[in-house]
């Protein structure tokens, strides 16, 4: 019984290590920013996005990860304009469409 418990704990630890490794690349990209707002996107970065690039490539261009609003749909706030954001759609981890959206209401930043 003791061996089964030990194996179960080892499996849980292994899963946590694997799962935490998935976001390390994005966290490493965000850690290179000198300022918090640099993880947002600007129009110049948005213009560099092309169909077929991966989510991690978009994160590298923007300097940070977007907020997933729906499966495969991520939104990056604009670095300067509180009323603008960038909605990027992915399918099979490839960019399929992008658009600029207007934000309304109260901002928390």
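Taking the stretch 60-97 as the search range and keeping residues that are closer than 14 Å to residue 43 by Cα and touching a helix residue (DSSP H, G or I) at 6+ places or on another chain (Cβ under 7 Å), which one is surrounded by the most Cβ atoms within 10 Å (Cβ to Cβ)? That would be 62. Among the residues of the stretch 40-77, those identified as part of a loop (DSSP other than H, G, I, E, B) and either modelled with pLDDT under 90 or more than 14 Å from residue 96 (Cβ to Cβ) (or both) are 40, 42, 63, 64, 65, 66.
Taken over the stretch 80-101, the criterion of being in contact with a strand residue (DSSP E or B) (Cβ under 7 Å, 6 or more places away or on another chain) and either over 19 Å from residue 26 (Cα atoms) or not in a strand (DSSP E or B) (or both) is satisfied by 83, 84, 85, 96, 97, 98, 99, 100, 101.
The values are calculated or read from the model by the stated rules, or taken from the named source; none is laboratory data. Computed from a predicted model, the values in this text were never measured in an experiment. Cβ atoms come from the backbone with ideal geometry, glycine included; neighbour counts cover every protein chain shown.
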